[in-house]
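K.L.:
The structure follows.
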2 protein chains.
Amino acid sequence: MTALHPEVRTTDTLALDAAAQDLLFREARTANTFASEPVPDERLQAIYDLVKFGPTAMNAQPMRLVAVRTPEARERLVAHMSEGNRPKTASAPLTLIVAADTGFHEHLPTVFPHAAGAREAMEGNPGRAGMAKFNATIQLGYLIVGIRAAGLAAGPMTGFDAEGVRAEFLEGTGQEVLAVVNVGMPGPDAWFPRNPRLAYDQIVTEI
Amino acid sequence: MTALHPEVRTTDTLALDAAAQDLLFREARTANTFASEPVPDERLQAIYDLVKFGPTAMNAQPMRLVAVRTPEARERLVAHMSEGNRPKTASAPLTLIVAADTGFHEHLPTVFPHAAGAREAMEGNPGRAGMAKFNATIQLGYLIVGIRAAGLAAGPMTGFDAEGVRAEFLEGTGQEVLAVVNVGMPGPDAWFPRNPRLAYDQIVTEI
């Protein structure tokens, strides 16, 4: 409640406990180096089993992931990353290629069963690819929170040759690449000093 | 650990406690009706003070919010919502117009201070509007989690006349509308039965 620590107010007004707030947002940081400790498959599965419940339009869930673990696959990916993103991507124990499935509508009869004809209507909808990307990007937000919920650090990146990554890993799938996210325990000097956040009144207009 | 409750595994493998998992994802639901209980300004401020720490490219933080509370502003907004979204938007105590600020680069000297010339470079970058929308959409994911962290229900919607909402509320701001999100305590019969989620192996490809 002191002006020196304005964040403390947050803890008092939210339902989420302070330790969870710290884990997911306040103390979580984007990692730029990673320890060698592996991220087992069941950990990624647990992350997905949590974040899959985040809402999407028509429950479409268009986000898809390629989990890059093998040295061969990692080498293929690193070649498409921008210079500054190569060392960290080469050393992360797990890297996720996050994509949007423009063919998400094929699952609508299963995931949105009460809307008869939704798949057919979406089939010819020119906004379908945009809808896939928009909702998969919201899911990327959930995913970053979920990685942190697993006690892991995320390193989301957009600095790469998106068309190269698509052609290398997603040819023929109807998926578009959104981001590449390194995942693991932070290594030495894993983060830069935290940069400033915009103030509430720069973000919110009350009407 | 029983096949009847596969979600229980999640709790064992994540660092986030089970109550927080439930609050943010597992028991949280998209609300379609709202109680009249108001959402005070300090609650929205606490949500922002938490989710502002979510990462964005170049720390650009392009998401902007219009907080609609007054009956007059609400009426103007409801007129642009699609038919099925009108009653809930008319009755929510707080509705957020979530937008992406294509002029986010003006803040780069403050929020990304070590990158000299970033504002100037971004000024003429034809990808700037796309970058604003992409990163603000990731922030929309954080925001939905943050609303739930406050013990509130979110009702995110894309069913509205986006150009109409932009012209009505954001003319001259350089902001593009992404979504409209109702916020409040759930009202009677606030949600439909939970729809199915896709299975891990439908989402993740291991390589």
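K.L.:
Quick one: which of B:195, B:182 is among the polar types (S, T, N, Q) and either modelled with pLDDT under 95 or not in a strand (DSSP E or B) (or both)? Spell out the reasoning first.
P.N.:
On the way: B:182 fails: either modelled with pLDDT under 95 or not in a strand (DSSP E or B) (or both).
That would be B:195, the only listed residue that is among the polar types (S, T, N, Q) and either modelled with pLDDT under 95 or not in a strand (DSSP E or B) (or both).
K.L.:
How many residues does the stretch B:184-195 contain that are surrounded by 13 or more Cβ atoms within 10 Å (Cβ to Cβ) and within 11 Å of chain A (Cβ to nearest Cβ)?
P.N.:
At the first step, the residues of the stretch B:184-195 found to be surrounded by 13 or more Cβ atoms within 10 Å (Cβ to Cβ) are B:184-187, B:190-191, B:195.
Checking which are within 11 Å of chain A (Cβ to nearest Cβ) leaves us with B:191, B:195.
So the count comes out to 2.
K.L.:
Search the stretch B:131-150 for residues being within 7 Å of chain A (Cβ to nearest Cβ) and in contact with a Leu (Cβ under 7 Å, 6 or more places away or on another chain), and hand back the single one that is surrounded by the most Cβ atoms within 10 Å (Cβ to Cβ).
P.N.:
Going through the qualifying residues, I end up with B:145.
K.L.:
Next question, about the same structure. Out of all the residues in the stretch B:52-72, which are touching a residue at least 40 places away in the same chain (Cβ under 8 Å), closer than 27 Å to residue B:163 by Cβ and assigned to a helix (DSSP H, G or I)?
P.N.:
B:57
K.L.:
Only one of B:51, B:78, B:68 is modelled with pLDDT of 95 or more, at the interface with chain A (Cβ under 7 Å from one of its Cβ atoms) and within 16 Å of residue B:157 (Cα to Cα); which? Full working, then the answer.
P.N.:
Values: B:51 fails: within 16 Å of residue B:157 (Cα to Cα); B:78 fails: at the interface with chain A (Cβ under 7 Å from one of its Cβ atoms).
The conditions single out B:68.
K.L.:
Right, another one. Of the residues that make up the stretch B:96-109, is at least one of a type in the set (Asp, Glu), more than 19 Å from the chain's Cα centre (by Cα) and assigned to a helix (DSSP H, G or I)? I'd like the intermediate steps shown before the answer.
P.N.:
Taking the stretch B:96-109 as the starting set, the residues that turn out to be of a type in the set (Asp, Glu) are B:101, B:106.
Among the residues that remain, those that are also more than 19 Å from the chain's Cα centre (by Cα) are: B:106.
So of that shortlist, the ones also assigned to a helix (DSSP H, G or I) come out as B:106.
Yes, there is a match, as at least one residue in the stretch B:96-109 is of a type in the set (Asp, Glu), more than 19 Å from the chain's Cα centre (by Cα) and assigned to a helix (DSSP H, G or I).
K.L.:
Which residues, counting only those in the stretch B:110-140, are within 21 Å of the chain's Cα centre (by Cα) and not aliphatic (A, V, I, L, M)?
P.N.:
Selection gives B:128, B:130, B:133, B:134, B:135, B:137, B:139.
K.L.:
To continue, here is another question. Looking at the stretch B:77-110, which of the residues that are more than 22 Å from residue B:44 (Cβ to Cβ) and among the charged types (D, E, K, R) is surrounded by the most Cβ atoms within 10 Å (Cβ to Cβ)?
P.N.:
Keep residues of the stretch B:77-110 that are more than 22 Å from residue B:44 (Cβ to Cβ), which gives B:79, B:82-84, B:86-87, B:102-103, B:105-106, B:108-110.
Checking the rest, the ones that are also among the charged types (D, E, K, R) come to B:83, B:86, B:106.
Details: B:83: 7, B:86: 16, B:106: 12.
Checking each candidate, the answer is B:86.
K.L.:
Also, I was wondering about something else. Exactly one condition in (1) facing another protein chain (nearest Cβ under 7 Å); (2) modelled with pLDDT of 95 or more is false for residue B:7; which is it?
P.N.:
For residue B:7, the failing item is (2).
K.L.:
Something else: Take residue B:176 and tell me if it is farther than 22 Å from residue A:130 by Cα and more than 8 Å from chain A (Cβ to nearest Cβ). Explain how you work it out, then say what you get.
P.N.:
Numbers: farther than 22 Å from residue A:130 by Cα: no; more than 8 Å from chain A (Cβ to nearest Cβ): yes.
Considered against the rule, which asks whether it is farther than 22 Å from residue A:130 by Cα and more than 8 Å from chain A (Cβ to nearest Cβ), residue B:176 comes out as no.
K.L.:
Report, by residue number, each residue of the stretch B:159-183 that is surrounded by fewer than 19 Cβ atoms within 10 Å (Cβ to Cβ) and within 17 Å of residue B:31 (Cα to Cα).
P.N.:
So the first thing to find is which residues in the stretch B:159-183 are surrounded by fewer than 19 Cβ atoms within 10 Å (Cβ to Cβ), and the list is B:159, B:161-164, B:166-168, B:170-174.
Selection gives B:159 alone.
K.L.:
Which of the residues spanning the stretch A:161-174 are more than 11 Å from residue A:97 (Cα to Cα) and touching a residue at least 60 places away in the same chain (Cβ under 8 Å)? Outline the logic, then answer.
P.N.:
Keep residues of the stretch A:161-174 that are more than 11 Å from residue A:97 (Cα to Cα), which gives A:161, A:163-164, A:167-168, A:171-174.
Passing the criteria: A:161, A:164, A:168, A:173, A:174.
K.L.:
Look at the stretch B:11-48 and say how many of its residues are within 27 Å of residue A:152 (Cβ to Cβ) and in a helix (DSSP H, G or I).
P.N.:
The qualifying residues number 15.
K.L.:
Which one of these is more than 19 Å from the chain's Cα centre (by Cα), more than 7 Å from every other protein chain (Cβ to nearest Cβ) and of a type in the set (Gly, Ala, Ser): B:31, B:73, B:15, B:19? Break it down into steps so the answer makes sense when it comes.
P.N.:
Values: B:31 fails: more than 19 Å from the chain's Cα centre (by Cα); B:73 fails: more than 7 Å from every other protein chain (Cβ to nearest Cβ); B:15 fails: more than 7 Å from every other protein chain (Cβ to nearest Cβ).
None of the other options fit; the residue is B:19.
K.L.:
Further, regarding this structure: Could you check residue B:113 against (1) within 8 Å of chain A (Cβ to nearest Cβ); (2) loosely packed, with under 14 Cβ neighbours inside 10 Å; (3) within 27 Å of residue B:35 (Cβ to Cβ) and say which number it fails?
P.N.:
Status for residue B:113: all satisfied but (3).
K.L.:
For the stretch A:119-130, check the following and say yes or no: at least one residue is surrounded by 14 or more Cβ atoms within 10 Å (Cβ to Cβ), within 13 Å of chain B (Cβ to nearest Cβ) and among the aliphatic types (A, V, I, L, M).
P.N.:
no
K.L.:
How do the pairs read when you match residues in the stretch B:84-95 that are under 11 Å from residue B:157 (Cα atoms) with residues anywhere that are among the hydrophobic types (A, V, I, L, M, F, W, C) and modelled with pLDDT under 95, using Cβ under 7 Å and keeping only pairs 6 or more apart or on different chains?
P.N.:
No pair meets every condition.
K.L.:
May I ask you to verify whether residue A:204 is of a type outside the set (Gly, Ala, Ser), in contact with a Phe, Trp or Tyr (Cβ under 7 Å, 6 or more places away or on another chain) and surrounded by fewer than 22 Cβ atoms within 10 Å (Cβ to Cβ)?
P.N.:
Details: of a type outside the set (Gly, Ala, Ser): yes; in contact with a Phe, Trp or Tyr (Cβ under 7 Å, 6 or more places away or on another chain): yes; surrounded by fewer than 22 Cβ atoms within 10 Å (Cβ to Cβ): yes.
Criteria met by residue A:204.
K.L.:
Inspect all residues belonging to the stretch B:136-153 and state whether any of them is touching a residue at least 60 places away in the same chain (Cβ under 8 Å), of a type in the set (Phe, Trp, Tyr) and not in a loop (DSSP other than H, G, I, E, B).
P.N.:
Yes.
The values are calculated or read from the model by the stated rules, or taken from the named source; none is laboratory data. Note that the structure is a prediction, hence the values are computed from the model and not measured. Glycine gets a Cβ as well: all are built from the backbone with ideal geometry, and neighbour counts include every protein chain shown.
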